[in-house]
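To keep things clear, I will list the structure first and then write my remarks on it.
FYI, it's all coordinate maths here, none of it is from the lab. Note that the structure is a prediction, hence the values are computed from the model and not measured. With ideal geometry, Cβ positions are generated from the backbone for all residues, glycine too; neighbour counts draw on all protein chains shown.
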Amino acid sequence: METWKTVKEELLTNPAVREEYERLAFRYQIISLLIDARNHEGLTQAQLAEKIGTKQAAVARFESGNYNPSLDFLEKVAAGLGKKLTVTLK
């Protein structure tokens with residue numbers, strides 16, 4: 001049985017796949033950071049949604065990567081987790 005790491009390495013040998021992976025890397029990094037923060041706070045998606053005035057489904061869509069969130073949404077999520085959203089250009 002192949003591991004995810006092996007499959008990922010094989011997929012990334014394809015230039016088109018690698019380009020798309022790199023294009024989406026920042027989006028998934030943000031998602032991962034916010035999921036980690038939610039878990040660290042011991043909150044469920046439903047609890048976070050209630051704190052920020054939205055539905056659990058909206059949090060789930062965001063965390064799955066199937067939703068392109070606005071900055072306002074990201075700020076609400078960060079605030080609901082007791083964090084502040086910052087953006088840096090490098």
- prompt: Which longest run of the chain has no exposed loop site in it, a site being GluC sites (Glu not before Pro) in a DSSP loop with at most 16 other beta carbons within 10 Å, and the site itself not part of the run?
  reply: 42-90
query: For R27, R38, what ranking results if the residue with the fewest other Cβ atoms within 10 Å of its Cβ goes first?
result: R27, R38
Simple spin-label estimate for M1 and N68 in nanometres, 7 Å along Cα-Cβ: 3.7 nm
message: Sequence gap at least 6, Cα distance under 8 Å: using those rules, report the relative contact order of the chain to the nearest whole percent.
response: 20 percent
- line: Label model pair L33, V87: point-to-point distance (7 angstrom along the Cα→beta-carbon line) in nm is 1.2 nm
query: What's the long-distance tail for the range 4-78, i.e. % of Cα pairs beyond 17 Å?
result: 51 percent
query: Label points 7 Å out from Cα along the Cβ direction at L12 and F26: separation in nm?
result: 1.9 nm
